[in-house]
Amino acid sequence: SFTTVNIVKLALECMEIEDYDAKIKEFFRKLDRCIDVAAEQLYDRYSFQRTALKKQFPMLMDGMWEDSEDLRYDEPVKNVIKTGTLGIGFIGLAETLIALTGKHHGESEESQELGLKIITHMRDRINEIASDRNLNYSLLATPAEGLSGKFTKKDREQFGMIKDITDKEYYTNSSHVPVWYKCSVEHKARVEAPYHDLERGGHIFYVELDGDATHNPDCIMQTVDLMHKYNIGYGSVNHTRNRCLECGFENADKDMETCPKCGSTAIDTIQRITGYLVGSVNNWNSAKKAELKDRVTHEV
């Protein structure tokens, strides 16, 4: 189970505090409160889940979970699922830092320092909770396929349209550099990599490549080498792939709407939404479609 904290909203609530130190102190106070609430809510969910019976999950409880094969058919799964993860996630570090400092972590060393302080604090608090409750609480870099747009809409209604924060349909994925920020692959890797060691509940790093990556394996290998260099926990290379459903023609144009071979408009476009390559992008929600449109390519 996992629950995500909207850290952007916490920052927006502190924006009007003029004294910087007081602003940051209040942000952390609010953050601690949200972590406590999320931890309690996750424990309540866990307490309910552990009353479930093995027969409700015949595949999962037939050896996929350690020791589940020893349970009787009508026995509760409580002792088996104790090793499961209770993730406390976050979204929009970039927007949070813009609200608190005026710049995100990809464009300011000071913002990067504060970003690492925030996420380290979350990791440490969550580790304390895990130790106190003897359960596997962990910090999650929430990918937020749908949640990004939901949070942004609510915050825009409350705080209005704020440049580079609520003026888009989405919040930036977890601790990522914003998709619209132009930088090199190495810069993006150097900024985002330190967060992976803190986000033990899950994380992802990705880069956008220009053109048809299937014809440029050297570029992909250079990117993989950078992931290794900066100890990236989980990384991916993104590039658009279009396929005409009528004649099978394929290319990597970003905005192909008509097949140049047969003239069909039946185009299936595949791209990565957080960790997954999915098609067609027409099935994505409006927030993720807006994010895809804003993505810029990264130079290797």
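Between the residues Ile119, Leu86, Phe28, the greatest Cα displacement towards the positive end of the dipole of region 21-162, with unit charges on the Cβ of Lys, Arg, Asp and Glu, is found for Phe28. Pairs exceeding 28 Å between alpha-carbon atoms, taken from Lys25/Lys154; Lys25/Lys153; Lys25/Lys78: Lys25/Lys78. Expressed as a whole percent, the accessible area of the chain that falls on carbon and sulfur atoms is 49 (1.4 Å probe). Per-residue extension of 0.36 nm, minus the Cα-Cα distance of Arg33 and Glu69, leaves a gain of 9.0 nm for this segment. Here is the result for region 188-226: no chymotrypsin sites (Phe, Trp or Tyr not before Pro) lie in DSSP coil with at most 12 other C-beta atoms within 10 angstrom of their C-beta. Take the Cα of Arg45, step 7 Å toward its Cβ, do the same at Arg156, and the gap between the two points is 2.7 nm. For Thr258 and Thr83, the difference between the fully extended length at 0.36 nm per residue and the C-alpha to C-alpha distance is 58.0 nm.
For region 23-150, the C-alpha radius of gyration divided by 2.2 N^0.38 Å, with N the number of residues, is 1.34. To the nearest 20 Debye, how big is the dipole of region 144-300 about its Cα centre, given +1 on the beta carbon of each Lys and Arg and -1 on that of each Asp and Glu? That gives region 144-300 a dipole magnitude of about 420 debye.
Rounded to the nearest 500, what is the 222 nm mean residue ellipticity of the chain from helices alone, with -39500 (n - 2.57) per DSSP H run of 4+ residues and division by all residues? Per the formula, -12500 deg cm²/dmol. Taking GluC sites (Glu not before Pro) as exposed when DSSP calls them loop (any state but H, G, I, E, B) and at most 14 other Cβ atoms lie within 10 Å, what is the longest stretch of the chain free of them, the sites themselves excluded? Formally, the longest exposed-site-free interval is 67-245. Under the convention that each Lys and Arg Cβ holds +1 and each Asp and Glu Cβ holds -1, the size of the dipole of the chain around its Cα centre is about 620 debye. Here region 168-272 carries DSSP beta bridges of which approximately 60% are antiparallel, counting only pairs with both residues inside. Ignoring aspartates and glutamates fewer than eight residues from Lys55 along the same chain, the ones with Cα atoms less than 13 angstrom from its Cα are Glu69, Asp70, Asp74, Glu75. The simple Förster model, with R0 at 30 Å and r as the Cβ-Cβ distance, assigns Asp212 and Asp294 a FRET efficiency of 0.90.
Assuming charge only on the beta carbon of Lys and Arg (+1) and of Asp and Glu (-1), the dipole of region 33-74 about its Cα centre is about 200 debye to the nearest 20. With a simple spin-label model that places each label point 7 Å from the Cα along the Cα-to-Cβ direction, the separation between Met15 and Asp197 comes to 3.4 nm. Checking (1) 25.8, 99; (2) 21.5, 64; (3) 18.9, 56 against Rg and Dmax of the Cα atoms in Å calculated from these atoms, the matching label is (2). The simple Förster model, with R0 at 30 Å and r as the Cβ-Cβ distance, assigns Lys117 and Asn231 a FRET efficiency of 0.90. Roughly how many Å is it from the Cα centre of region 10-36 to that of region 82-149, as a whole number? The two parts, judged by their Cα centres, are 15 Å apart.
I need the Debye-formula profile for region 195-252: one equal scatterer per C-alpha, no solvent, reported as log10 I(q)/I(0) at q = 0.13 1/Å, two decimals. With no solvent term, the Cα-only Debye profile gives -0.45. Between Asn134 and Asp62, the modelled label-to-label distance comes to 3.3 nm, taking each label 7 Å out from Cα in the direction of the beta carbon. Simple rule: put +1 on each Lys or Arg Cβ and -1 on each Asp or Glu Cβ in region 1-101, find the dipole, and look at Leu53, Thr4, Ile17; the Cα lying farthest toward the positive end is Leu53. Per residue, the accessible area of the chain comes to 51 Å², computed with a 1.4 Å probe over protein heavy atoms only.
The values are calculated or read from the model by the stated rules, or taken from the named source; none is laboratory data. Note that the coordinates shown come from a computational prediction; the quantities given were computed from them, not determined experimentally. With ideal geometry, Cβ positions are generated from the backbone for all residues, glycine too; neighbour counts draw on all protein chains shown. Side chains included, ligands, DNA and RNA excluded: accessible areas come from the protein's heavy atoms. Shrake-Rupley method; radii C 1.70, N 1.55, O 1.52, S 1.80 Å.
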